[in-house]
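**Student:** Here it is, the structure, as structure tokens.
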Amino acid sequence: MSDIPVTRRNFVGAMATGLAATWIAGAWRAPMALAAGTGTPAAGPTLTPAQLRDLDAVSALIIPTDDAPGAREAHVVDFIDRGLGTFAADQRPLFEQGLADLAVRAARRHADAKAFADLDADNQIALLHELEAEHSEFFEAVRVSTITGFLADPKYGGNTDKVGWKLIGFEDRFAWQPPFGWYDRDASRSE
Amino acid sequence: MHHGASSRRFDPGAPTGPAFRPRDPVDFVVIGAGAAGGVVARELSRAGHTVVLLEQGPYLRASDFNHDEFASYQLEEITNNHRSQPNTFRTSEQEEAKARAVIQYARLVGGGSVHFTANYWRFHEIDFVERSRRGSVDGAAMADWPITYADLEPYYSRVEWEVGVSGLAGASPFEPPRSRPYPMPPLPIKSSGVLMERAASKLGWHAVPAPMAILSQPYRGRPACIQCGFCEHFGCEVGAKSSSLAAMIPDAEATGRCQIRPMSYVRKIELDRRGRAIGVKYFDARKREIFQRAKAVFVCANGAETPRLLLLSASNQFPNGLANSSGLVGRHLMFNCYEFTGGVFEHEINGYRGMVVTRIIHDTYELDPKLGLAGGGGFDFRFDLPPIAFALGGLGADAPTWSGKFKQMLRESYTHTLFSLAHISQLPVATNSISLDPTVRDAWGLPVMRLTFKEHPNDERLIEWFSQKNVELLNAAGATRTWHFPPGRVYPEVHLLGTCRMGNDKQASVVDRWHRTHDVPNLFLVDGSSFVTGGRGQPTMTIQALAFRAAEHAAQMARRGELGAG
């Protein structure tokens, strides 16, 4: 337990510390609440259209769209917005303040930019690098929640049509038989 | 838990079994319904004794478990919750401990055996006699166990046959003697296992079928594994994983003599004036205090909570903690060491499909004395990260964490990655300990556990040695890229060992060779706390073998009238 901070499990367990933990641990309550009929998503969005537009622009840089769907096609923003209205409501101020700050920073970069989404791609990326270098809590929260929404069960509002799972090659069959992969294709035949 | 409240057939906090009244002494109270407590409750109730089994977490069933990573991966619902039960941590007794989540244990009926990977290695002969065979180590409290492998062998076989373990006897040239084969063949090999065989043959080592507490065939009314791939961190939804919950608890309930009381958080073991245990005080789900009387008490609360409960049970008779005349309760804390190295391969491994581990290597179980290293270790190849966890931490320490490059890496590596995991000894050190924090309280108002821990230098040297071997193995298997997580302690710690060590000398140990405390004649401790040394990882098999042995002996003592009136 030396002070060298990063090991596999606390690295993976980034989920279990700090902001990510709040997001994940908070999420644990969601299925229980939904089952009890108390956690149904609010009728409308939690964030404003302008906030959602910027959040979408940030998450689309975290997992961009190329020849395969990215955060945008996975509707990660719906996942995050639903979370901020239910199980992750305690993180709503962090997102709202972070998005407000983002708009200010965008305007500083370009006089015509009223929002982060108004910036061109280069300026958007540069701004995110700036936040990352500052160890911004907001950026880390958006990054973790984007990745989480991209790969969580679609019932939570993201990973639409399982695009995240398809991208990485994860099939949600939950029952397998040999061969499991390329290297055991012969082993299973001979057994 | 997506089945939800509406379909729930039972209350996970409601007692089951006979309705014993707290004021009427039962033969045994067993504290903790995990790997050890499940065995002890089953064995004592089957031997004809009345048992109350207290578990601080809920009583969930197989149908409550699912594959929802987002909901379940960190499983704070079924593990100790660090908001209500914080740990404090420091590296030496001179420091003030600060809040830090270190210890993780499953908090439900079945305990860690519900969400574990189910590797079921027996200890080898050396693990019980390392001190006399290999000598002392400066700064470490190396000692022989008061029992040998031969003493425990019959109970290892009982675990394999009664709990249900799949494997292939004689496959490993390093396997210690055994009286019976496994009750069922190994599970089918995966790509990770084939690659491990390839690597082992290049290094002149032996990759052998992994013994797993997962059913390869229907057994004792339970079905074979369906290869869902969600063992580690998840409960088994078909009951093929041989947890205490699936394999032991139903037998205990079937006797009609075992009452299971979930959501029961024990705060104190009470003594009479003669210094005998007379029962335990616990909080029920509504935090009402209940005093359950008993003729004898078994503590199976794990290597962290067992010593904590003894320290919480201090009294005028035992001002330094119950059964702590040796001063050793809580000391010699061990976690086992690990080293993970990631490897990416050309073709699909699809490690997320099927059980986690299919082959292991034990050529390094005992190391060449010329290396000057105490202890040893073994390896498995595994891929144990569901999608979100992989994306947040499974690409490697230097990998991008967002952007198109990040996406590309995710896309290329999820089905092509495996980890070489070395399971490594950790030496017992007297100052590594569980104690009570002087200021921080849990949600029940009790002092929380304070950890004092610093690796022995041998631990760090072993990790370094095994780290190099992990790379050699992955390269020999044909990895196109390998990477380490930076060295350092693993978090969270899930193997909790050594804190109430067994021994013949009452000044140098807490329990005797039968797990009875030296100080209190009707108080027994059996779980990871009983370990004298920590083996090479994979402690659960040994915990259960010890539990079978301890329960059998306690039942004999009870029959002879040695544990109290009646």
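No value in this document is a laboratory result; all are computed from the given coordinates. Everything quoted here is computed from the prediction, not taken from an experiment. Backbone-built Cβ (ideal geometry, glycine too); neighbour counts: all protein chains shown.
**Student:** Could you state the number of Å between the C-alpha centres of region B:13-37 and region A:72-97?
**Tutor:** 44
**Student:** Using only DSSP helix segments of four residues or longer, with each worth -39500 (n - 2.57), what per-residue ellipticity at 222 nm results for the protein assembly as shown after dividing by its residue count and rounding to 500?
**Tutor:** That comes out to -9000 deg cm²/dmol.
**Student:** Using the Karplus curve 6.51 cos²θ - 1.76 cosθ + 1.60 with θ = phi - 60°, what ³J(HN,Hα) values do you get for each residue of region B:105-112, in whole Hz, with x for Gly and Pro?
**Tutor:** Each residue of region B:105-112 in turn: 9, 6, 10, 6, 4, x, x, x Hz.
**Student:** Still on this structure, I have one more. Relative contact order, percent, of region B:419-516 when contacts are C-alpha pairs under 8 Å separated by at least 6 residues?
**Tutor:** It comes to 21 percent, rounded to a whole number.
**Student:** Now, a different point. Between residue B:11 and residue B:475, what is the FRET efficiency for a Förster distance of 60 Å, r being their Cβ-Cβ separation, to the nearest 0.05?
**Tutor:** That pair, residue B:11 with residue B:475, gives E of 0.65.
**Student:** Under the classification rounded if a/c is under 1.5, otherwise prolate if a/b is larger than b/c and oblate if not, where does region B:110-158 fall, given a ≥ b ≥ c as square roots of the Cα gyration tensor eigenvalues?
**Tutor:** Judged from the Cα gyration tensor, region B:110-158 comes out oblate (a/c at least 1.5, b/c at or above a/b).
**Student:** For region B:345-359, take each phi angle, set θ = phi - 60°, evaluate the Karplus expression 6.51 cos²θ - 1.76 cosθ + 1.60, and give the result in whole Hz per residue in order, putting x for glycine and proline.
**Tutor:** 10, 5, 10, 5, 9, 6, x, 6, 8, x, 4, 6, 10, 10, 9
**Student:** How do B:131, B:274 line up, fewest other C-beta atoms within 10 Å first?
**Tutor:** By the 10 Å Cβ count, ascending, the order reads B:274, B:131.
**Student:** Just give me a number: lysine pairs in region B:146-296, eight or more positions apart or cross-chain, with C-alpha atoms less than 20 Å apart.
**Tutor:** Here the count comes out as 6.
**Student:** Among all the aspartates and glutamates, which ones have a C-alpha under 14 Å from residue B:98's C-alpha, if same-chain residues fewer than 8 places away are not counted?
**Tutor:** A:3, B:437
**Student:** Next question, about the same structure. Can you work out ³J(HN,Hα) from phi for every residue in region B:462-470, in order, using Karplus 6.51 cos²θ - 1.76 cosθ + 1.60 and θ = phi - 60°, giving whole Hz and x for Gly and Pro?
**Tutor:** These are the phi-based 3J(HN,Hα) values: 5, 4, 4, 5, 5, 4, 5, 5, 4 Hz.
**Student:** Let me ask something else about it. First check a/c for region B:216-351, with a ≥ b ≥ c the square roots of the eigenvalues of its C-alpha gyration tensor; if it is under 1.5, answer rounded, and if not, answer prolate when a/b is larger than b/c or oblate otherwise.
**Tutor:** It comes out oblate by the Cα gyration axes.
**Student:** Along Cα→Cβ, 7 Å out, is where each label goes; now give me the distance between the ones at residue A:50 and residue B:408 in nm to one decimal.
**Tutor:** If labels sit at residue A:50 and residue B:408, their model points lie 3.7 nm apart.
**Student:** I would also like to ask the following. Would you work out the charge dipole size for region B:373-515 about its Cα centre, treating the Cβ of every Lys and Arg as +1 and the Cβ of every Asp and Glu as -1, and quote it to the nearest 20 debye?
**Tutor:** The calculated dipole for region B:373-515 is roughly 200 debye.
**Student:** Expressed in nm to one decimal, what extension gain is obtained for the pair residue B:287 and residue B:84 from 0.36 nm per residue of sequence separation less their Cα-Cα distance?
**Tutor:** Once the chain is fully extended between residue B:287 and residue B:84, it gains 71.8 nm.
**Student:** Can you give me the angle between helix B:540-559 and the longest principal axis of chain B, using Cα atoms only, in degrees from 0 to 90, rounded to the nearest 10?
**Tutor:** Tilt of helix B:540-559: around 20 degrees.
**Student:** Can you list residues from other chains, or at least 5 along the same chain, whose modelled amide H is less than 5 Å from the amide H of residue B:339?
**Tutor:** B:422
**Student:** Once both axes come from the Cα atoms, what is the angle between helix B:191-203 and the longest principal axis of chain B, in degrees from 0 to 90, rounded to 10?
**Tutor:** 70
**Student:** Another question, if that's okay. Over region B:207-354, what is the mean sequence separation of C-alpha contacts under 8 Å (at least six apart), divided by residue count, expressed as relative contact order in percent?
**Tutor:** 15
**Student:** Could you pull out the trypsin sites (Lys or Arg not before Pro) across region B:22-67 that fall in loop regions by DSSP (anything but H, G, I, E, B) with no more than 16 other Cβ atoms inside 10 Å?
**Tutor:** B:23
**Student:** For a test of the definition: using alpha carbon positions, the gyration tensor, and the 1.5 limit on a/c, classify region B:280-389 as rounded, prolate or oblate.
**Tutor:** In terms of gyration-tensor shape, oblate.
**Student:** Between residue B:63 and residue B:314, 0.36 nm times their residue separation minus their Cα-Cα distance comes to what?
**Tutor:** So the chain would gain 86.3 nm between residue B:63 and residue B:314.
**Student:** A further question on this structure: What does the charge count near residue B:502 come to, summing +1 for each Lys or Arg and -1 for each Asp or Glu among other residues with Cβ under 15 Å from its Cβ?
**Tutor:** -1
**Student:** Tell me the net charge near residue A:103. Cut-off is 15 Å between Cβ atoms, residue A:103 excluded, with +1 for each Lys or Arg and -1 for each Asp or Glu.
**Tutor:** -2
**Student:** Using a cut-off of 17 Å between alpha-carbon atoms, which lysines can reach residue A:155, once sequence neighbours fewer than 8 places away in the same chain are excluded?
**Tutor:** A:166
**Student:** If contacts are Cα pairs under 8 angstrom and at least 6 residues apart, what is the relative contact order of chain B in percent?
**Tutor:** Across chain B, relative contact order equals 23 percent.
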